[in-house]
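Read the structure below first, then the notes.
The values are calculated or read from the model by the stated rules, or taken from the named source; none is laboratory data. Small disclaimer: the values here were computed from a predicted structure and weren't measured. For neighbour counting, all protein chains shown are included, and Cβ atoms are generated from backbone atoms with ideal geometry for every residue, glycine included.
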């Protein structure tokens with residue numbers, strides 16, 4: 001009889017830890033999304049003035065506003081092997097470090 005109680009207890013503990021891991025993973029992913037969003041907002045604050053300046057230069061060179069906006073649409077984004085602009089902002093470093101920490105924990 002003792003064996004059966006022990007078996008039930010082991011199964012219950014296994015299910016509980018699995019459910020806890022799923023909740024923890026969901027929370028980690030949600031927090032990562034928040035950090036990534038905050039990073040993206042901070043980057044956009046820095047990139048938008050640069051885009052506006054480039055668009056103004058383009059318009060002064062005789063191009064249409066639409067053509068200039070289209071040609072500068074991806075300013076600040078990853079280009080080839082170059083990292084996106086302003087990934088060194090504190091918000092982005094925090095997002096990167098959290099992602100790295102979570103990845104390291106999952107690889108153990």
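Per-structure values
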| quantity | calculated |
| --- | --- |
| Condition met for residue 58 (surrounded by 15 or more Cβ atoms within 10 Å (Cβ to Cβ), modelled with pLDDT of 95 or more and farther than 23 Å from residue 36 by Cβ) | yes |
| Checking residue 23 against (1) modelled with pLDDT under 95; (2) in a helix (DSSP H, G or I); (3) surrounded by 14 or more Cβ atoms within 10 Å (Cβ to Cβ), the condition it does not meet | (3) |
| Pair list, Cβ under 6 Å, 6 or more apart: segment 43-59 residue in contact (Cβ under 8 Å) with a residue 60 or more places away in the chain and at positive phi, other residue part of a helix (DSSP H, G or I) and exposed (fewer than 15 other Cβ atoms within 10 Å of the Cβ) | none |
| Residue 67 vs. criteria touching a residue at least 24 places away in the same chain (Cβ under 8 Å), out of contact with any strand residue (DSSP E or B) (no Cβ under 9 Å at 6 or more places or on another chain), assigned to a helix (DSSP H, G or I) and surrounded by 11 or more Cβ atoms within 10 Å (Cβ to Cβ) | no |
